1. Given the criterion within 30 Å of B:Tyr226 (Cα to Cα), more than 14 Å from chain B (Cβ to nearest Cβ) and modelled with pLDDT under 90, identify the matching residue among A:Arg90, A:Arg81, A:Arg69.
2. What are the pairs with Cβ atoms under 7 angstrom where one residue, in the stretch B:217-229, is at negative phi and the other, located anywhere, is modelled with pLDDT under 85 and open to solvent by 40 Å² or more (accessible area, probe 1.4 Å)? Sequence gap at least six, or different chains.
3. With a cut-off of at least 1 residues that are closer than 30 Å to B:Leu146 by Cβ, name the helices (runs of 4 or more DSSP H) lying wholly within the stretch B:164-230.
4. Within the group B:Arg305, B:Arg212, B:Arg269, which residue is away from chain A (no Cβ under 14 Å), charged (D, E, K, R) and free of Cβ contacts under 8 Å to residues at least 24 places away in the same chain?
5. State which residue is most open to solvent (accessible area, probe 1.4 Å) when the search covers only the stretch B:68-126 and only residues that are out of contact with any helix residue (DSSP H, G or I) (no Cβ under 6 Å at 6 or more places or on another chain) and among the acidic types (Asp, Glu).
6. What is the number of the single condition among (1) within 20 Å of the chain's Cα centre (by Cα); (2) over 24 Å from B:Tyr187 (Cα atoms) that B:Glu82 does not meet?
7. How many of the residues making up the stretch B:131-146 are open to solvent by 30 Å² or more (accessible area, probe 1.4 Å) and either aliphatic (A, V, I, L, M) or assigned to a loop (DSSP other than H, G, I, E, B) (or both)?
8. Residues B:Ala14, B:Ala43: which one is modelled with pLDDT of 95 or more, farther than 13 Å from B:Gln247 by Cα and either within 16 Å of ligand 1 (Cβ to nearest atom) or out of contact with any Asp or Glu (no Cβ under 7 Å at 6 or more places or on another chain) (or both)?
Amino acid sequence: MRSTVPVQTADGADRPRLARHVRLRFDPARGRHVLLTPEAVTVLNGTGAAVLELCDGQRTRTEIVAALRGRYDSVDDDEVRLFLDRLTARRCLEAGRG
Amino acid sequence: MASAGVDAPFGLLAELTYRCPLHCSYCSNPLDLAAHADELTTAEWQRVLAEARELGVLQLHLSGGEPLLRRDLAEIVQCAAELGLYTNLITSALGLTPRRAEQLLAAGLDHVQISLQADEAALADRLAGTPSFERKLVAARLVKELGWPLTLNVVLHRHNADRIAAILDLAEQLEADRIELAHTQYYGWALRNRAGLLPSRAQLERAQGVVRAAHERLQGRMEVIYVLPDYHSRYPKPCMGGWGRRQLTVVPDGGVLPCPTAHTLPLPRASVRESSLAWIWESSPLFRRFRGTDWMPDPCRSCDRRELDFGGCRCQAFLLTGDAARTDPVCHLSPDHGLVAGAVAAADEGARTRDAVLAPRLYPAARRSR
Ligand code: SF4
Ligand code: SF4
C-alpha cells in the first residue's frame, strides 16, 4: 500500500547526495551500476549511473544537468529532474543545501 | 554470473542461527529447530558469501533466529562489506550492546531492522515470551545515535492488529525512518498457532483505516509499509518474486533453499557443504523444480497472472493440501480455496480462536554451536 501523494520536489539550487544508507556500486556480474537500499536493488542504465555519480552534495541540480549536457548529445532535462525527484521521494537522495 | 538462461539472484537471506532469546508464537522458523543445530563455521560463511557475490548477489540479509547470537557476526559482516554486498541486519536487538553495535558499524554494516511485538511492555513481552521491550527501545535509540537509519518490523496478528496507531506513535518517538507492518505468514510455529493468530475481517478494516491516515500524516518523515495478510486477499503473493528467480536462503547448517520455509517440502536437499552455490542455483533439482511456469497445473497454467504471482507460495500449497505443485489455496481460483476461507471464517466468528492457546517457539536446550 505505497503512498501516491507527491512529496515536495526540490528546486534547481538543491545539492543532492546519496542518503547515508544507500550505496551506488558497479556490479561486475551484470556489467551495470546498481543502487542498493535495504529493500531493493535498482539496476541502472548508463545515464542513471552518470546522474547519480554527479550527486555528490556539491553540485546543484542545475549544475548536474549542465554537466550531463557536456557528456551526452541529448539530455532530457525533465527526465533527469523526474529521476532525481523519484529517488528523493524514495529517500535514496537527500537534498543538501548550500 | 549465472548462466544457462538462469538470471542471477539479487539477494541472499543468511539465517545464521536458529537460536533466539525470544519465543514468538508467530515465528516462521521450522518446528524441528534442533535438526539444524550444526551451524556453519565463520570460514564456511565467508566462502558462501564470496560464492554468492560471484553469482551476482548484491544484498545480504542477516537473520535467524537471532543473528547477534553468532559471536562472529562482525567478522561475517566485514567479509560481506569487503565483497561489496549491501548488508542488512534483521534482529530482535537483544544483545545489541553499544560495544557490539560499534563493532558492526566499524565492520561496515549498512542497515539495521529491529523487530517490535507491540507498543507497550506488558503485551510485547507476553508476545515475545520474554522481557525484551525496554531493551529494544534502548537498542533502537542506539541505532539512531550511531547514524544508521532505523527500520522497525512488526508482525501483525489478532493480538496487536488493534494497536497499530500506538505502534506508529512509538515509531515516531523513536524517529524510525521506516516501519514495516506485515501480517503473519502461516508457516512453522505460526501455522501451528494459526487459530489463535488470524485476525478478524473487522480488525483488518480498522487496521487499514489507521494505516491510510498514517501514510498521509507521516509523508516524507517515515515510510510506512503495510503488507496485507494473504489469507484475506483474492490472489496469492508472488512468493520471493518467483521460485529460484531473485532470492535464495542459506539456513544455519548450510542448507540452501529458494525460500526460508521450503525445508517443509518433500524435495531433494541442497547444501553448501556438498555443492557450490552456483550449481545449486542454476542446476540443482531443488531450484529447478518450480522455476518458471512449465510446472504449473490448471488453473495457473492458463491464467493471465501466472507471471505476476507464479501461482503463489509452494510451501503454503504443500502445507495446506499436501501437494506442493498445486495452486496456492489463498487464490480464490484455487480448487482448494475452501481450506483458507474456512480458517478466515472461523477467525471472524472468533469462536475457536478465543480459547486457542499459543505455543511459544522453543529452542531445545541441548544444542551445539561453534
Ligand atoms: S520471530 Fe521471534 S522467535 Fe522467531 S526468530 Fe524472530 S525474534 Fe526469534
Ligand atoms: S490461478 Fe494461479 S496464476 Fe492465476 S491468480 Fe491464482 S495463483 Fe495466480
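The values are calculated or read from the model by the stated rules, or taken from the named source; none is laboratory data. Only a predicted model underlies this, so the values are computations on that prediction, with no experimental measurement involved. For neighbour counting, all protein chains shown are included, and Cβ atoms are generated from backbone atoms with ideal geometry for every residue, glycine included. Each accessible area value is taken on the protein alone, full model and side chains, heavy atoms only, with ligands, DNA and RNA left out. Shrake-Rupley method; radii C 1.70, N 1.55, O 1.52, S 1.80 Å.
1. Values: A:Arg90 fails: more than 14 Å from chain B (Cβ to nearest Cβ); A:Arg69 fails: within 30 Å of B:Tyr226 (Cα to Cα).
Selected residue: A:Arg81, the only one of A:Arg90, A:Arg81, A:Arg69 that is within 30 Å of B:Tyr226 (Cα to Cα), more than 14 Å from chain B (Cβ to nearest Cβ) and modelled with pLDDT under 90.
2. B:Gln219/A:Ser3; B:Gln219/A:Val5; B:Gln219/A:Val7; B:Glu223/A:Arg91; B:Tyr226/A:Met1
3. On the way: elements: B:164-173, B:188-192, B:194-197, B:201-218.
Qualifying helices (runs of 4 or more DSSP H): B:164-173, B:201-218.
4. Values: B:Arg305 fails: free of Cβ contacts under 8 Å to residues at least 24 places away in the same chain; B:Arg212 fails: away from chain A (no Cβ under 14 Å).
None of the others qualify; the one that does is B:Arg269.
5. Of everything passing the filter in the stretch B:68-126, B:Glu82 is most open to solvent (accessible area, probe 1.4 Å).
6. (1)
7. In the first step, residues of the stretch B:131-146 are kept if they are open to solvent by 30 Å² or more (accessible area, probe 1.4 Å); the result is B:131, B:134-135, B:138, B:141, B:144-146.
With either aliphatic (A, V, I, L, M) or assigned to a loop (DSSP other than H, G, I, E, B) (or both) added as a condition, the list becomes B:131, B:138, B:146.
Count: 3.
8. Working: B:Ala14 fails: farther than 13 Å from B:Gln247 by Cα.
Exactly one of B:Ala14, B:Ala43 is modelled with pLDDT of 95 or more, farther than 13 Å from B:Gln247 by Cα and either within 16 Å of ligand 1 (Cβ to nearest atom) or out of contact with any Asp or Glu (no Cβ under 7 Å at 6 or more places or on another chain) (or both), namely B:Ala43.
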